[in-house]
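Following: one structure in structure tokens, then a few remarks.
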Amino acid sequence: MTTYLITGGSGFIGSNFIRYLLNKDPDSTVINLDKLTYAGNQENLRDIENDSRYHFVYGDICDESVVNEIFVTQKPDIVINFAAESHVDRSIGKPDDFIKTDVFGVFVLLEASKKYGVDFFIQISTDEVYGSIDKGYFQETDQLMPSSPYSATKAGGERLAFSYFVTYNLPVIITRASNNFGPYQYPEKLIPLFITNALENKFLPLYGDGKNVRDWLFVEDHCEAILYLIRKGTIGETYNIGSGNEMQNIEITNLILEYLKKPSSLIKPVKDRLGHDRRYALDCTKLHSLGWRSAVNFNKGMRTTIEWYKSNEEWWEKIKSGEFLDFYKSHYKLSYTS
Ligand code: NAD
Ligand code: TDX
């Protein structure tokens, strides 16, 4: 029996990971510590909330007393820290909570893990810590040049985790995944925003020239890679997790519109994101050499994702009529009804 402390388990990747883990490993117990920020949603785990192996704790990873209480009472074997402020645009507008959660929160989890002891501490970082690359692929040993407050705080959090490995021998593994997509992603991010806007016949606000490139990883592949690294990874190491599905934003946009049979007149070029990274691309040789490769074909992953948003309107309509609406209106300065 392995007890996992999953932080941020009510968000996009965390909820997919918990569902994946409970399916794959019948002997696991999960404690999900989540602050339920605007991005946390208990609907994401409605189907497993009555599973006796699943326990939800409402709380902040920055709150030492809540974190210590979990370590004392639940004695987690493995900590996987997904909790973060995760949206680049919000970090440009107001970085405060990014600095708290993505750096200080990691510190609180590391301190508790050091004090009470764990078998693994997995820090979920991101490809954005490298910054932008016009040609070629980032390797794990490349320098970190984060460009947004989001990526800078993620770099701070993961380097702090690494320092606990070097200094205190804490069994840390760091993962740097590329852009994820799939079910339950909050509709502020490119793919779910554009799918749901298209379904509502609303504009798709494409930044700049639309030619920025991301490497798209289906969320279930990401979940699988994390579990794989717990089995096969080496403590103290950092691993890139990508799929090699490089796409320009305009290509993704056209694909969504074509699939949904919506007109390209819905595309609305808008002012570019400040400090917008042009391209992210990962060299995943290190992970491949352990025997793992992403399995989900991009087009299949997109079909699954679009169909999920088509069948789960209630899930996203509730979100888009709440807190999201204020963010959207002030950020895009577009008429939301057009
Ligand atoms: P998300 O924004 O969907 O979810 C974040 C979750 O963390 C939410 O449930 C939120 O309530 C919770 N949370 C935020 N602050 C908290 C705090 N102080 N205490 C406890 N819980 C808190 O994010 P996501 O897209 O699922 O990303 C998960 C992790 O993966 C993040 O660390 C992110 O940096 C990383 N990552 C994301 C991607 C991606 O494409 N989405 C790619 C690479 C890495
Ligand atoms: O309205 C939009 N229009 C647009 O053109 C939005 C929201 C995005 N974009 C562009 C910006 C990026 O080039 O689409 C691309 C993807 O944007 P996001 O979905 O915001 O993702 P990104 O900024 O690449 O960061 C994501 O991947 C790495 C996650 O949000 C991070 O949490 C993760 O670390």
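One residue stands out in segment 157-179 among those that are in contact with an Asp or Glu (Cβ under 7 Å, 6 or more places away or on another chain) and either assigned to a helix (DSSP H, G or I) or of a type in the set (S, T, N, Q) (or both): the one that is farthest from ligand 2 (Cβ to nearest atom), namely GLY157.
Summed over segment 89-107, the residues that are open to solvent by less than 10 Å² (accessible area, probe 1.4 Å) and either within 9 Å of ligand 1 (Cβ to nearest atom) or of a type in the set (A, V, I, L, M, F, W, C) (or both) give a count of 4.
Against the test of being within 16 Å of ligand 2 (Cβ to nearest atom) and either over 30 Å from GLU317 (Cα atoms) or without any contact (Cβ under 8 Å) to a residue 40 or more places away in the chain (or both), the options GLY11, GLY59, GLY105, GLY93 yield a single qualifying residue, GLY105.
Candidates in segment 270-306 are the residues that are among the aliphatic types (A, V, I, L, M) and open to solvent by 10 Å² or more (accessible area, probe 1.4 Å); of these, the one that is farthest from ligand 2 (Cβ to nearest atom) is LEU290. Taken over segment 126-139, the criterion of being within 16 Å of ligand 2 (Cβ to nearest atom), of a type outside the set (Phe, Trp, Tyr) and either without any contact (Cβ under 8 Å) to a residue 60 or more places away in the chain or open to solvent by 10 Å² or more (accessible area, probe 1.4 Å) (or both) is satisfied by THR126, GLU128, VAL129, SER132, ILE133, ASP134. Of ILE235, ILE250, all but one fail to be surrounded by fewer than 19 Cβ atoms within 10 Å (Cβ to Cβ), at pLDDT 95 or above and in a loop (DSSP other than H, G, I, E, B); the exception is ILE235.
Checking the stated criteria, LYS154 turns out not to satisfy the condition of being outside any helix (DSSP H, G or I) and either within 12 Å of ligand 2 (Cβ to nearest atom) or free of Cβ contacts under 8 Å to residues at least 12 places away in the same chain (or both).
Answer with yes or no whether GLY40 is touching a Gly at 6+ places or on another chain (Cβ under 6 Å) and crowded, with 16+ Cβ neighbours inside 10 Å. In short, yes.
Only a single criterion out of (1) open to solvent by less than 10 Å² (accessible area, probe 1.4 Å); (2) away from ligand 1 (no atom under 14 Å from the Cβ); (3) charged (D, E, K, R) is not satisfied by ARG176, namely (2).
Go through the residues of segment 77-86 one by one and say whether even a single one is acidic (Asp, Glu) and either without any contact (Cβ under 8 Å) to a residue 60 or more places away in the chain or surrounded by fewer than 19 Cβ atoms within 10 Å (Cβ to Cβ) (or both). Checking segment 77-86: at least one residue is acidic (Asp, Glu) and either without any contact (Cβ under 8 Å) to a residue 60 or more places away in the chain or surrounded by fewer than 19 Cβ atoms within 10 Å (Cβ to Cβ) (or both). Scanning segment 36-72 for residues that are within 19 Å of PHE104 (Cα to Cα) and of a type in the set (Phe, Trp, Tyr) turns up TYR58, PHE71. Of the residues making up segment 191-205, those that are open to solvent by less than 10 Å² (accessible area, probe 1.4 Å) and either small (Gly, Ala, Ser) or over 21 Å from PHE12 (Cα atoms) (or both) number 3. Cβ separations smaller than 7 Å between residues 6+ apart or across chains give no pair from segment 289-308 residues that are touching a residue at least 12 places away in the same chain (Cβ under 8 Å) to residues that are hydrophobic (A, V, I, L, M, F, W, C) and surrounded by fewer than 12 Cβ atoms within 10 Å (Cβ to Cβ).
Checking ARG19 against (1) open to solvent by less than 30 Å² (accessible area, probe 1.4 Å); (2) more than 23 Å from LYS154 (Cβ to Cβ), which single condition isn't satisfied? Looking at each condition in turn, ARG19 falls short on (1).
Looking only at segment 257-267, decide whether some residue is surrounded by 22 or more Cβ atoms within 10 Å (Cβ to Cβ) and not in a loop (DSSP other than H, G, I, E, B). No, there is no match, as no residue in segment 257-267 is surrounded by 22 or more Cβ atoms within 10 Å (Cβ to Cβ) and not in a loop (DSSP other than H, G, I, E, B).
The values are calculated or read from the model by the stated rules, or taken from the named source; none is laboratory data. As the structure is a prediction and not an experimental result, all values here were calculated from the model. Note: ideal-geometry Cβ built from the backbone for every residue, glycine included; neighbour counts use all protein chains shown. Heavy atoms of the whole protein, side chains included, go into the accessibility calculation; ligands, DNA and RNA do not. Shrake-Rupley method; radii C 1.70, N 1.55, O 1.52, S 1.80 Å.
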